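Comments concern the structure below.
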Amino acid sequence: MRLRLLTVLIIPSLFLAFALSVVILLLHPAPLGAPWVRTIVRGQGRTSFLLGNGQGERWSNVTVFGKRSLALTDRENNTIRIIDMVTGKTLREIVTNGVAVGIDSDDTQMLMIATLEDSSTQQAVEIWDTTSGERLIERPFEVSDMFAFEFANVDERSYVIFGSANNPDDDLVDTFQVMNPQLGEYSERVVVPYSDFTTVDLAAHGDSLLMAAAGMSVRNDTDQGMVWLWSLDADGQFQPRAEYPLGEDFEWADGMDISADGHHLAYSATYGTRCPERFATLTVIDLESGESSALPSIERPLRVTFSPDGSRLAVIFAPLCDGDGPSGVMVIDLATGSSTILPHDGFLRVTALRFSDDSQQLYTAAPNGAVMVWRLDV
């Protein structure tokens, strides 16, 4: 009788405790470990499970960071919230069918990609005032396969650039379009023949602007990975500056970033068409000397970000091949080469990064809307 009573009381209690633990873990994706400082946005309980090499994830939320605020796109509710990165307070909520893809360095303008109201397929680049919540510019674009958007400020001028990896007029020509939001018009088209881009970065340094891209060059019937670099001249035209070959086994590049001083470029590259031969690399190029240095890498680097002082590189990584594998954020000390992996929950993949202005903290965002702060001096 006593054994039966224990079975009736204890086993259901243990099951209930386990169930509650699972629910708490899903609804509150809090990291484990000393580096975690606080959670700015707790997320909305919609988790994103990593399946295989990243397929099958549920991208319910998209987060982009500004300097003091962030834009959180909630796709299910068709809203974008502008949130203070210090307090976590919602400053403004915008009802839209678009997705925020950038905030300028003054936190005054937000770049958005939206579907036109009178069309189910036609899209447009939109610029919104983050203070008033008003749409300032709407410019349709005609390219069919967009792969990257960047927003940068140079000498009181803003530039938006986006690229097409599938030009409707010619499959062997990729195009970058440049917009000046102050003028509300496209100022230039950068056309690169015989290429297939997978990532792009736009960076401001003083009164100059650099643009880098990586992808496959198919010139002379030979496929070869390539990193391209352009600079903006005094007349507002992008001029070719350098090319860096990546080899014939190159498949794609996921992440790319130019340091704040304009002296270094970091990128990730994946080689090999199938596992287990497939592998990924992480590289930093000195843009003055052209010399490159290999960095420690784990699995598949997806996004790379320099700290403002150039001392660190933060890397989002995910499984390289189908099946289970680690995912998370690695922070690399560029002077020593040492690396630290932040203890995120394993099933949530980080999708956005930003260092604090003093380079001592790192902001991370996950697909369920959670935004966390980490200190890097531990």
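For (1) in contact with a helix residue (DSSP H, G or I) (Cβ under 9 Å, 6 or more places away or on another chain); (2) of a type in the set (A, V, I, L, M); (3) at pLDDT 90 or above; (4) under 25 Å from A204 (Cα atoms), each residue gets a yes or a no:
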residue: V62; (1), (2), (3), (4): no, yes, no, yes
residue: T73; (1), (2), (3), (4): no, no, yes, no
residue: E76; (1), (2), (3), (4): no, no, no, no
residue: R81; (1), (2), (3), (4): no, no, yes, no
residue: D84; (1), (2), (3), (4): no, no, yes, yes
residue: R92; (1), (2), (3), (4): no, no, yes, no
residue: L111; (1), (2), (3), (4): no, yes, no, yes
residue: T115; (1), (2), (3), (4): no, no, no, no
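Checking G272 against (1) on the phi < 0 side of the Ramachandran plot; (2) touching a Lys or Arg at 6+ places or on another chain (Cβ under 7 Å), only one condition comes out false. Which one?
Only one criterion in (1) on the phi < 0 side of the Ramachandran plot; (2) touching a Lys or Arg at 6+ places or on another chain (Cβ under 7 Å) is unmet by G272, namely (1).
Taking the residues in the range 139-152 that are surrounded by 16 or more Cβ atoms within 10 Å (Cβ to Cβ) and over 18 Å from the mean Cα position of the chain (by Cα) as candidates, determine which candidate is modelled with the highest pLDDT.
In the first step, residues of the range 139-152 are kept if they are surrounded by 16 or more Cβ atoms within 10 Å (Cβ to Cβ); the result is 141, 143, 146-152.
Of the ones still in play, those that are also over 18 Å from the mean Cα position of the chain (by Cα) are 141, 143.
Working: F141: 69, V143: 54.
Filtering the range 139-152 for residues that are surrounded by 16 or more Cβ atoms within 10 Å (Cβ to Cβ) and over 18 Å from the mean Cα position of the chain (by Cα), the one modelled with the highest pLDDT comes out as F141.
Just to check your reading of the model, which residue among T336, T305, T281, T364 is in a strand (DSSP E or B), of a type outside the set (A, V, I, L, M) and surrounded by fewer than 19 Cβ atoms within 10 Å (Cβ to Cβ)? Before the answer, list the steps.
On the way: T336 fails: in a strand (DSSP E or B); T305 fails: surrounded by fewer than 19 Cβ atoms within 10 Å (Cβ to Cβ); T364 fails: surrounded by fewer than 19 Cβ atoms within 10 Å (Cβ to Cβ).
Of the residues listed, the single one that is in a strand (DSSP E or B), of a type outside the set (A, V, I, L, M) and surrounded by fewer than 19 Cβ atoms within 10 Å (Cβ to Cβ) is T281.
Might you let me know whether the range 292-301 holds any residue that is among the aliphatic types (A, V, I, L, M), surrounded by fewer than 14 Cβ atoms within 10 Å (Cβ to Cβ) and on the phi < 0 side of the Ramachandran plot?
Kept after step one, since they are among the aliphatic types (A, V, I, L, M), are these residues of the range 292-301: 294-295, 298.
Subsequent filtering for residues that are surrounded by fewer than 14 Cβ atoms within 10 Å (Cβ to Cβ) retains 294.
Pick out the ones that are also on the phi < 0 side of the Ramachandran plot and you get 294.
Checking the range 292-301: at least one residue is among the aliphatic types (A, V, I, L, M), surrounded by fewer than 14 Cβ atoms within 10 Å (Cβ to Cβ) and on the phi < 0 side of the Ramachandran plot.
For the structure I just gave you, tell me whether A260 is surrounded by fewer than 22 Cβ atoms within 10 Å (Cβ to Cβ), modelled with pLDDT under 85 and under 20 Å from the mean Cα position of the chain (by Cα).
Values: surrounded by fewer than 22 Cβ atoms within 10 Å (Cβ to Cβ): yes; modelled with pLDDT under 85: no; under 20 Å from the mean Cα position of the chain (by Cα): yes.
Criteria not met by A260.
Could you please find all residues in the range 202-217 being modelled with pLDDT of 80 or more and surrounded by fewer than 24 Cβ atoms within 10 Å (Cβ to Cβ)?
Listed by number, the residues that qualify are A203, L210, M216, S217.
Looking at (1) surrounded by 16 or more Cβ atoms within 10 Å (Cβ to Cβ); (2) assigned to a strand (DSSP E or B); (3) not hydroxyl-bearing (S, T, Y), can you tell me which one I341 breaks?
(1) is the only condition that I341 fails.
The values are calculated or read from the model by the stated rules, or taken from the named source; none is laboratory data. Since the model is a prediction, treat every value here as computed from it, not as a measurement. Don't worry about glycine lacking a Cβ; one is built from the backbone with ideal geometry, like all the others, and counts go over all protein chains shown.
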